[in-house]
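Data block below; observations after.
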Amino acid sequence: MRSIVIPAKAGIQSRRRYAIAVHGGCGRWDGGDTRAALRGVRAAVEAARRLLAGGASALDAVCAAVVVLEDDPLFNAGTGSTLNREGDAEMDASVMAGEQLRCGGVAAIRRVRNPVLVARRVMEETPHVLLAGRGAIAFARHQGFRDYDPITRESRLRFRSAMAAEAAAGTVGAVALDAEGRLAAATSTGGTALKLPGRVGDSPIPGAGNYATRSAAASATGRGELILRHAVTKSLCDRVAAGRSAARATRETLQRLPLERGESIGVIALDRRAGIGVTLRGGSMPHAWFVGGAGRVVARMR
């Protein structure tokens with residue numbers, strides 16, 4: 001298990017004390033994809049950093065970061081999502097604002113460009129937490145999201161050659177802390193390659209693949225069924241509320257999970273002191289972060 005500790009900067013004034021961290025999904029990444037993936041997560045952090053520096057909310061920042069990753073066909077979210085057994089892209093996404101545990105998600109949604117933005121609209125424009133399938137698509141159209149085909153030539157080729165399960169890495173996600181001390185998380189995925197139609201993973205489920213409270217925000221990637229059963233991000237945020245740092249909470253949360261051989265799971269987290277935790281078990285995961293006052297964006301593959 002590999003962990004990265006990025007401690008909070010005690011000397012950073014509150015007006016500058018914002019932070020953003022993103023991941024591009026755990027799994028197997030080859031050399032060429034590694035370089036492109038690091039460019040992708042860095043671009044996502046830069047988009048969010050600019051918003052946070054201008055006083056935007058943590059929710060705005062995580063949505064902007066995930067949109068960048070959804071629009072990059074390298075990642076398994078939005079454009080370039082993996083295909084199910086029928087050759088369709090069914091996508092899941094969720095957002096959560098920690099102040100009042102407000103959240104929204106979409107599951108098994110098709111033919112939209114940015115599922116994370118539809119998920120945010122579910123949170124802001126309905127009394128519901130999650131919309132799925134045809135209902136999610138109908139809601140998206142009613143809200144003005146145009147028809148869009150997220151299937152790329154590369155994802156179709158992988159599907160036809162029966163290599164999809166090996167070619168795609170997990171999920172994308174972002175966590176942010178804004179200058180007002182608010183935390184938010186957003187997560188988006190094309191799901192497991194060659195999955196049964198209608199399968200819903202952890203990403204749109206609060207407390208599984210995505211969660212935020214007043215104490216912490218977290219986004220997970222890996223085998224969705226395992227993350228669902230162990231309520232990974234809820235467990236992590238509870239640990240931070242009990243006094244752990246984000247870094248320690250990520251380690252403790254993943255240590256207890258029963259991974260099978262060849263599986264991988266990763267999580268990123270952020271606490272109210274701008275402390276960042278990144279932990280990975282198995283595989284590799286491109287990720288990047290920025291803390292206001294720290295000077296530069298850091299991007300790594302672990």
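Please give the Cα centre distance for the range 259-302 versus the range 182-258, rounded to the nearest Å.
Between the Cα centre of the range 259-302 and that of the range 182-258, the gap is 13 Å.
Run through the DSSP bridge list for the range 117-239 and note the antiparallel percent, rounded to the nearest 5.
Details: 9 of 10 bridges.
The antiparallel proportion sits near 90 percent.
Along the range 184-193, what does the Karplus equation 6.51 cos²θ - 1.76 cosθ + 1.60 (θ = phi - 60°) give for ³J(HN,Hα), rounded to whole Hz, x for Gly and Pro?
The phi angles translate into 8, 9, 9, 9, 8, 7, x, x, 6, 4 Hz.
Counting only helical runs of four or more DSSP H residues, what would the 222 nm mean residue ellipticity of the chain come to if each run contributes -39,500 (n - 2.57) and the total is spread over all its residues?
Details: 9 runs with 96 residues, N = 302.
Estimated from H runs of four or more residues: -9500 deg cm²/dmol.
Out of every Cα pair in the range 186-244, what percent are spaced more than 19 Å from each other? Mind dumping the intermediate values first?
Values: 479 of 1711 pairs.
Roughly 28 percent, once rounded to a whole number.
7 Å from Cα along Cα→Cβ at both residue 259 and residue 128: what's the point-to-point distance in nm?
3.5
Karplus couplings for the range 91-103 from phi (6.51 cos²θ - 1.76 cosθ + 1.60, θ = phi - 60°), rounded to Hz, Gly and Pro as x?
10, 10, 7, 8, 10, 8, 9, x, 4, 10, 6, 6, 8
Calculate, for the range 76-125, the solvent-accessible area per residue in square angstrom, rolling a 1.4 angstrom probe over the heavy atoms of the protein chains.
On the way: 1520 Å² over 50 residues.
It amounts to 30 Å² per residue over the range 76-125.
Shape verdict for the range 44-102, please, from the Cα gyration tensor: rounded (a/c under 1.5), prolate (a/b greater than b/c) or oblate.
Values: a/c = 5.41, a/b = 1.76, b/c = 3.07.
Oblate, because a/c is 1.5 or more while a/b does not exceed b/c.
So which GluC sites (Glu not before Pro) in the range 46-86 end up in coil per DSSP with only 16 or fewer other C-beta atoms within 10 Å? Please list the in-between numbers first.
Numbers: sites: 46, 70, 86; in loops: 86.
Answer by residue number: 86.
For the range 117-249, what class follows from the C-alpha gyration tensor (a ≥ b ≥ c being the square roots of its eigenvalues): rounded when a/c is under 1.5, otherwise prolate if a/b is larger than b/c, else oblate? Mind dumping the intermediate values first?
Numbers: a/c = 2.17, a/b = 1.36, b/c = 1.59.
Judged from the Cα gyration tensor, the range 117-249 comes out oblate (a/c at least 1.5, b/c at or above a/b).
Got a number for carbon plus sulfur as a percent of the range 184-283's accessible area, 1.4 Å probe?
On the way: 1610 of 3350 Å².
Carbon with sulfur: 48 percent of the solvent-accessible area.
To test your reading of the geometry: what angle, between 0 and 90 degrees and rounded to tens, separates the Cα axis of helix 58-70 from the longest principal axis of the chain?
Here the helix axis deviates by roughly 40 degrees.
Which percent, nearest 5, of DSSP beta bridges in the chain are antiparallel? Show your work: numbers first, answer last.
Numbers: 54 of 58 bridges.
In the chain, DSSP labels about 95 percent of beta bridges as antiparallel.
From the list [x] 17.5, 51; [y] 17.2, 54; [z] 17.9, 57, can you say which value of Rg and Dmax of the Cα atoms in Å was derived from the structure given?
Step by step, Rg and Dmax of the Cα atoms in Å for this structure corresponds to label [y].
The values are calculated or read from the model by the stated rules, or taken from the named source; none is laboratory data. All of these numbers come straight from a predicted model, not from anything done at the bench. Glycine also receives a Cβ, built like all others from the backbone with ideal geometry; neighbour counts cover every protein chain displayed. Each accessible area value is taken on the protein alone, full model and side chains, heavy atoms only, with ligands, DNA and RNA left out. Shrake-Rupley method; radii C 1.70, N 1.55, O 1.52, S 1.80 Å.
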